[in-house]
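Here is the structure we will look at.
The values are calculated or read from the model by the stated rules, or taken from the named source; none is laboratory data. What you are looking at is a predicted structure, and each value in this text was computed from that prediction instead of being measured. Cβ coordinates were reconstructed from backbone atoms using ideal geometry, including for glycine residues, and neighbour counts include every protein chain displayed. Ligands, DNA and RNA are excluded from the accessible area calculation, which covers all protein heavy atoms including side chains. Shrake-Rupley method; radii C 1.70, N 1.55, O 1.52, S 1.80 Å.
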Amino acid sequence: MIDLHTHTLFSDGELVPSELARRAYTAGYRVIALTDHVDMSNIDLVVPRIAEAARELSMHTQIKVIAGAEITHVPPKLLGRLVEKARGLGAEIVVVHGETIAEPVAPGTNRAGIEAGADILSHPGLISIEDAEMARDRGVALEITARKGHSLTNGHVAKTAMMTGAQMVLNTDAHSPDDLISRERAALILRAAGIPEESIETIFANSQKIADRAGR
Ligand SMILES: [Zn+2]
Ligand SMILES: [Zn+2]
């Protein structure tokens with residue numbers, strides 16, 4: 001299992017990075033990205049700390065831990081600057097918190113996150129065809145999520161991504177160790193979103209590619 005969207009104590013997750021990585025490893029994970037919620041207030045505190053943990057854990061354990069950040073509820077016009085700042089501070093995977101219908105995310109966030117060059121637009125809700133086309137052109141992955149609430153629109157996201165050719169990834173958005181899932185469960189969630197059997201391995205391969213890119 002490769003999971004590119006999780007939370008630790010550095011935002012609203014339950015565990016320190018070391019325990020989340022250990023729990024993930026014993027749950028069968030090979031790769032995990034730590035992507036805590038950040039905005040302009042905490043980005044410079046959180047990202048370097050996560051980067052330090054990711055470096056040491058990757059070196060001294062058998063799971064690859066990638067430093068990331070999820071830029072969350074930031075006014076859309078500030079997203080470009082913060083994506084760049086997160087990368088400068090050591091985030092190798094930048095997620096922008098998309099327009100889930102489970103929260104009052106500012107309209108225009110999906111578009112701005114894609115334009116900002118995020119690696120992943122998480123739970124993009126009722127994403128438009130135009131935005132999905134832009135995500136395809138810019139290589140931004142659209143997320144199918146295991147998380148309750150956000151997952152209500154998985155079917156719409158999958159349909160729109162398949163219609164436009166935008167790439168998808170499957171993440172848990174785990175906040176607690178109970179949220180970690182097996183690859184079998186991940187495949188089941190993809191099937192439940194209406195994704196055909198032959199596309200499931202492609203979606204796992206998309207996560208692998210993003211993880212490989214982050215490792216360089
Ligand atoms: Zn959260
Ligand atoms: Zn999240």
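Starting from the Kirkwood radius over alpha-carbon pairs of the range 38-143, derive D by Stokes-Einstein at 4 °C in a medium of 1.567 mPa s and give it in µm² s⁻¹.
Numbers: Rh = 14.0 Å.
This corresponds to a translational diffusion coefficient of 93 µm²/s.
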To the nearest 10 Å², what's ARG111's accessible area with a 1.4 Å probe? 80 Å²
Which ³J(HN,Hα) values, rounded to whole Hz and listed in residue order, are derived for the range 152-157 from phi using the Karplus coefficients 6.51, -1.76 and 1.60 in 6.51 cos²θ - 1.76 cosθ + 1.60 with θ = phi - 60°, glycine and proline given as x? 4, 9, 3, x, 5, 4
Would you mind calculating the relative contact order of the chain from Cα pairs under 8 angstrom and at least 6 residues apart, reporting the percent as a whole number? 20 percent
Once the Cα atoms of the chain are picked out, what are the Rg and Dmax in Å? 15.5, 44
Residue-wise, which Karplus ³J(HN,Hα) couplings in Hz belong to the range 135-151, taking 6.51 cos²θ - 1.76 cosθ + 1.60, θ = phi - 60°, and x for glycine or proline? 4, 4, 5, 9, x, 8, 7, 9, 9, 9, 10, 7, 7, 4, x, 4, 6
How big is the accessible area of GLU115 in square angstrom, nearest 10, if you roll a 1.4 angstrom probe over the protein chains? 100 Å²
Once a ≥ b ≥ c are taken as the square roots of the eigenvalues of the Cα gyration tensor of the range 45-89, is the result rounded (a/c under 1.5), prolate (a/b larger than b/c) or oblate (a/b not larger than b/c)? prolate
Heavy-atom SASA rank of PHE204, PHE10 (probe 1.4 Å, accessible area, largest first): PHE10, PHE204
Please compute the net charge surrounding GLU130, taking Lys and Arg as +1 and Asp and Glu as -1 over other residues with Cβ under 14 Å from its Cβ. -2
In whole Hz, with x marking every Gly and Pro, tabulate ³J(HN,Hα) for the range 194-206 from phi via Karplus 6.51 cos²θ - 1.76 cosθ + 1.60, θ = phi - 60°. x, 7, x, 3, 5, 9, 5, 5, 4, 5, 4, 5, 4
Please report the spacing between the Cα centers of the range 53-68 and the range 154-193 in Å, no decimals. 24 Å
In whole percent, the Cα-Cα distances of the range 1-91 spread across 10 Å bins from 0 upward as 18, 51, 25, 6, 0
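From the helices alone, meaning DSSP H stretches of at least four residues, give me the mean residue ellipticity at 222 nm for the chain, per-run term -39500 (n - 2.57), in deg cm²/dmol to the nearest 500. Intermediate values should be presented prior to the final figure.
Numbers: 8 runs with 94 residues, N = 216.
Helices in the chain give a 222 nm mean residue ellipticity of -13500 deg cm²/dmol.
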Any residue on another chain or 5+ positions along whose placed amide H is under 5 Å from the amide H of VAL169 is listed here as LEU142, GLU143, ILE144
Within straight-line cross-link reach of LYS85, lysines at Cα separation under 24 Å, skipping those fewer than 8 residues along the same chain: LYS64, LYS77, LYS209
